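Here is the structure we will look at, set down as structure tokens.
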Amino acid sequence: MKTAIYPGSFDPVTYGHLEIISRASKLFDKVIVLVSVNPLKPCSFTIDERKQFLRESVVAEGVGNVEVDSNEGLLIDYFNEHNADVIVKGLRAISDFEYEFQMAQANRKLCYKAETIFLTSKSEYTYLSSSMVKQIAMFGGDISDFVPECILDRINERLKRY
Ligand code: ADP
């Protein structure tokens, strides 16, 4: 039984995240999508909202063997407490690599058995990020190609400025 943890802010979840979740779910017996609190990164949605968006989106996309949870502490503590095997991260571009490489090294330093596996983004989602989706929504742009329909109205409602 292999368990993978896919951590991130998911503020909000996008099709880029969902594609990684779907692929990870085929590689591992269980995938825990972990909404992680980063005190250095301000978010637009609460942890509960982000978890709810993820749960509904995963169901809408028909992905099985996925659990959604949140963590306010160190990823590696959660990893050990849940007997996880692997940390999954998505890589969009070289710009992601530098940060993710450091994180993977730090996590392995904190726990030698914490392997990080990188899944490269599908080419049509390489430019897609939560912050880009939020900027478009704030100015009333159409984000329907970027997030599932089931969460679209709540995102637009929260972010619309004009
Ligand atoms: P962001 O706010 O940049 O979208 P998150 O912290 O929510 O980022 O991302 C969590 C993980 O998902 C990271 O490993 C990130 O590289 C990955 N990810 C985010 N967007 C995409 C995408 N479009 N394609 C592949 N991986 C992605």
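The values are calculated or read from the model by the stated rules, or taken from the named source; none is laboratory data. Since the structure is predicted, the reported quantities are computational estimates derived from the model, not experimental observations. All Cβ positions, glycine included, derive from the backbone under ideal geometry; neighbour counts span all protein chains shown. Each accessible area value is taken on the protein alone, full model and side chains, heavy atoms only, with ligands, DNA and RNA left out. Shrake-Rupley method; radii C 1.70, N 1.55, O 1.52, S 1.80 Å.
Quick check: at a probe of 1.4 Å, how many percent of the accessible area of the chain sits on carbon and sulfur atoms? Kindly include the intermediate steps, with their values, before the conclusion.
On the way: 4640 of 8990 Å².
Of all accessible area on the chain, carbon and sulfur atoms account for 52 percent.
Evaluate the charge dipole of the chain about its Cα centre and quote only its size in Debye, nearest 20, assuming +1 on the Cβ of each Lys and Arg and -1 on the Cβ of each Asp and Glu.
Working: 19 positive and 23 negative charges, 54 e Å.
So the magnitude is around 260 debye.
Give me the distance in nm between label points sitting 7 Å out from Cα along the Cα-to-Cβ direction at residue 38 and residue 116, one decimal.
That separation, rounded to one decimal, is 1.1 nm.
Sort 100-111, 3-14 for me by packing, meaning the mean count of neighbouring Cβ atoms within 10 Å per residue, highest on top. Let's see the in-between values first.
Working: 100-111: 14.1, 3-14: 23.5.
Highest mean packing first, the order is 3-14, 100-111.
About its Cα centre, what dipole magnitude does the stretch 83-162 give when the only charges are +1 on Lys and Arg Cβ and -1 on Asp and Glu Cβ, stated in debye to the nearest 20?
On the way: 11 positive and 11 negative charges, 66 e Å.
Roughly 320 debye for the stretch 83-162.
In the stretch 104-155, if the dipole is taken from +1 on Lys/Arg beta carbons and -1 on Asp/Glu beta carbons about the Cα centre, which of 133, 106, 151 is farthest to the positive end?
106
Percentage of Cα-Cα pair distances in the chain greater than 25 Å, rounded to whole percent?
Details: 3576 of 13041 pairs.
Percent of Cα pairs beyond 25 Å in the chain: 27.
Would you work out which of 27, 71, 54 lies farthest towards the positive end of the dipole of the stretch 19-80? Charges go on Cβ: Lys and Arg +1, Asp and Glu -1.
27
For the stretch 137-150, what does the Karplus curve 6.51 cos²θ - 1.76 cosθ + 1.60, with θ = phi - 60°, yield as ³J(HN,Hα) per residue in whole Hz, taken in order and with x for Gly and Pro?
Values, residue by residue: 5, 4, 9, x, x, 8, 10, 5, 7, 10, 9, x, 4, 5 Hz.
Could you work out [θ]222 nm for the chain from helices alone, using -39500 (n - 2.57) per DSSP H run of at least four and dividing by all its residues? Round to the nearest 500 deg cm²/dmol. Please report the intermediate quantities before stating the final value.
Numbers: 6 runs with 71 residues, N = 162.
Calculated at 222 nm, the ellipticity per residue is -13500 deg cm²/dmol.
Quick one: which of 41/160; 2/26; 41/122 span more than 19 angstrom between C-alpha atoms?
Check vs 19 Å cut-off fails for 41/160; 41/122.
Nearest 10 degrees, 0 to 90: what angle lies between the long axis of helix 94-110 and the longest principal axis of the chain (Cα atoms)?
It works out to around 40 degrees.
Find the all-direction average of the projected area of the Cα convex hull for the stretch 73-120, expressing the result in square nanometres with one decimal place. It would help to have the intermediate numbers written out before the result.
Numbers: hull surface 13.0 nm².
Reported value for the Cα convex hull: 3.3 nm².
Once Rh is set to the Kirkwood radius over Cα pairs, what Stokes-Einstein translational diffusion coefficient, in µm²/s, holds for the stretch 20-79 at a temperature of 4 °C and a viscosity of 1.567 mPa s? Spell out each step's value before the answer.
Details: Rh = 12.4 Å.
D, rounded to a whole number, is 104 µm²/s.
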